[in-house]
Amino acid sequence: MSLYRLPPLPTIREIIKLYNLKAEKQLSQNFLLDLKLTDKIVRKAGNLNNAYVCEVGPGPGGITRAILNSGAEELLVVEKDTRFIPGLKMLSEASMGKVRIVHGDILTYRMDRAFPSHLQKAWEDDPPNVHIIGNLPFNVSTPLIIKWLEDMANRTGPFTYGRTQMTLTFQREVAERMAAPTGNKQRSRLSIMTQYLCQVKHCFTIPGRAFVPKPEVDVGVVHFTPLVQPKIDQPFKLIEKVVQSVFQLRRKYCYRGISLLFPEEQRTKLTEQILTLANVEPTWRPSELSMKHFQGLCNAYRELCDQDPNLFSYNFREELRQKKLKLQDAQKSEESEML
């Protein structure tokens with residue numbers, strides 16, 4: 001284990017004061033100042049000795065310090081907000097250059113170029129010594145995890161290195177959804193999209209009062225390890241479409257949401273077909289469907305799309321919009337005839 005420790009530095013509170021940093025509400029920023037908690041988050045990432053770590057949105061640098069003290073070989077921090085850069089530069093100097101600062105947006109940053117190529121491992125091997133850690137702003141956490149799940153499915157972005165592990169914070173409800181088992185009331189689209197690709201662990205909850213300013217919700221810390229073999233073997237976009245449709249009407253019987261995959265004139269026939277092929281009871285609720293049921297639905301939908309290539313591009317919202325436009329046109333022509 002590395003004995004490396006950072007030299008004495010101003011505390012995070014002093015850094016905030018020194019650079020006059022305020023958490024921006026519109027950016028969903030909340031600072032975590034409790035060092036016991038930042039250390040605990042980093043410990044949940046596993047053994048970081050000699051690891052290469054990307055920290056998302058380091059802000060004033062609380063988790064950054066914990067990562068450096070855990071013996072990481074190199075730490076890449078991606079920060080969008082210029083106000084935090086001077087404090088991070090101070091950390092970079094104190095760590096003798098172990099911190100690499102990227103001033104940019106994690107949603108567009110090319111993670112496949114973040115680390116040396118010698119770290120790459122085959123997907124079937126143990127995870128590489130590459131980790132992603134971050135106290136994510138609430139407003140980017142869900143789009144970011146969906147983006148990374150797609151990268152994971154395609155083995156692109158941070159997953160060009162292999163089964164890169166992630167330890168991230170989310171609103172507690174979102175964290176609970178990701179880990180929710182079959183039948184749980186929190187079971188949702190996110191549960192299926194994360195669990196078909198990863199082993200998901202809701203590690204612990206941080207009370208809102210630990211953050212400055214205090215958010216209205218508690219925060220969940222979630223650890224993701226990509227699976228060697230995804231539980232559904234279909235393209236990400238196809239799985240996403242099926243899962244989204246099923247949970248579109250989450251309180252109704254599942255056949256209602258599933259039927260939205262199909263154009264109106266074929267809806268009844270194709271809904272019956274997909275349910276039969278997937279061995280799913282029409283009166284089950286979406287939250288009662290197991291991963292095996294979703295696997296069956298995705299495989300059956302793929303079969304139907306192979307028979308009719310136009311099916312995948314069908315969008316029920318667009319069909320509704322077109323119907324509405326036709327109705328409006330009909331009303332207008334009726335009115336003009338009356339005149």
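The values are calculated or read from the model by the stated rules, or taken from the named source; none is laboratory data. Since we're looking at a predicted model, the values are computed, not measured. We place every Cβ from the backbone using ideal geometry, glycine too, and count neighbours over all the protein chains shown. Note: accessible area is taken over every heavy atom of the protein model, side chains too, but ligands, DNA and RNA are not part of it. Shrake-Rupley method; radii C 1.70, N 1.55, O 1.52, S 1.80 Å.
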Name the pairs whose Cβ atoms lie under 7 Å apart, with the first residue in segment 253-270 and among the charged types (D, E, K, R), the second in a helix (DSSP H, G or I) and at pLDDT 95 or above, and 6 or more positions between them or separate chains? ARG267/SER259
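This table checks each residue for (1) surrounded by fewer than 20 Cβ atoms within 10 Å (Cβ to Cβ); (2) within 29 Å of the chain's Cα centre (by Cα); (3) hydrophobic (A, V, I, L, M, F, W, C).
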{"position": "LEU249", "(1), (2), (3)": "yes, yes, yes"}
{"position": "PHE262", "(1), (2), (3)": "no, yes, yes"}
{"position": "GLN266", "(1), (2), (3)": "yes, no, no"}
{"position": "ASN279", "(1), (2), (3)": "yes, no, no"}
{"position": "LEU289", "(1), (2), (3)": "no, yes, yes"}
Report, ordered by the first and then the second residue, all pairs with beta carbons closer than 9 Å, sequence separation of six or more or different chains, a first member in segment 146-160 that is of a type in the set (D, E, K, R), and a second member that is open to solvent by 40 Å² or more (accessible area, probe 1.4 Å) and in a helix (DSSP H, G or I). GLU150/LYS237; ASP151/ASP112; ASP151/THR160
Any residue in segment 208-220 that is under 18 Å from PRO60 (Cβ atoms) sitting within a Cβ distance under 9 Å of a residue that is among the small types (Gly, Ala, Ser) and modelled with pLDDT of 85 or more? List the pairs, counting only those 6 or more apart or interchain. LYS214/GLY208; PRO215/GLY208; VAL219/ALA175; VAL219/GLY208; VAL219/ALA210
Name the residue that is nearest to GLY71 (Cα to Cα), counting only residues in segment 89-113 that are among the hydrophobic types (A, V, I, L, M, F, W, C) and touching a helix residue (DSSP H, G or I) at 6+ places or on another chain (Cβ under 7 Å). VAL99
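Each row is one residue, and each column tells you yes or no for (1) in contact with a strand residue (DSSP E or B) (Cβ under 9 Å, 6 or more places away or on another chain); (2) surrounded by 14 or more Cβ atoms within 10 Å (Cβ to Cβ); (3) within 28 Å of VAL212 (Cβ to Cβ); (4) of a type in the set (Asp, Glu).
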| residue | (1), (2), (3), (4) |
| --- | --- |
| LEU68 | yes, yes, yes, no |
| PRO86 | no, no, yes, no |
| MET90 | no, yes, yes, no |
| PHE115 | yes, yes, no, no |
Return the residues of segment 162-173 that are out of contact with any Pro (no Cβ under 9 Å at 6 or more places or on another chain) and open to solvent by 20 Å² or more (accessible area, probe 1.4 Å); say none if nothing qualifies. ARG172, GLU173
Selection over segment 229-245 where residues are charged (D, E, K, R) and within 14 Å of PHE262 (Cα to Cα) yields a count of 1
Could you pull out the residue among ASP105, ASP112 that is charged (D, E, K, R) and in contact (Cβ under 8 Å) with a residue 40 or more places away in the chain? ASP112
Restricting the search to segment 115-143, which residues are assigned to a helix (DSSP H, G or I) and touching a residue at least 40 places away in the same chain (Cβ under 8 Å)? LEU119, PHE138, ASN139, VAL140, THR142
Take LYS214 and decide whether it is out of contact with any Phe, Trp or Tyr (no Cβ under 6 Å at 6 or more places or on another chain) and open to solvent by 20 Å² or more (accessible area, probe 1.4 Å). yes
What are the residues in segment 60-105 that are part of a loop (DSSP other than H, G, I, E, B) and within 17 Å of PRO158 (Cβ to Cβ), if any? ALA72, GLU73, GLY104, ASP105
Residue in segment 186-206 that is farthest from THR225 (Cα to Cα), counting only those that are open to solvent by 40 Å² or more (accessible area, probe 1.4 Å) and out of contact with any Lys or Arg (no Cβ under 6 Å at 6 or more places or on another chain): ARG189
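Condition check ((1) acidic (Asp, Glu); (2) within 25 Å of ASN184 (Cα to Cα)) across all residues:
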| residue | (1), (2) |
| --- | --- |
| LYS231 | no, yes |
| LEU249 | no, yes |
| TYR255 | no, yes |
| ILE258 | no, yes |
| ARG267 | no, no |
| GLU272 | yes, no |
| PHE316 | no, no |
| GLU319 | yes, no |
Take the conditions open to solvent by 10 Å² or more (accessible area, probe 1.4 Å) and either among the β-branched types (Val, Ile, Thr) or touching a Leu at 6+ places or on another chain (Cβ under 6 Å) (or both) and apply them to VAL222. Does it pass? no
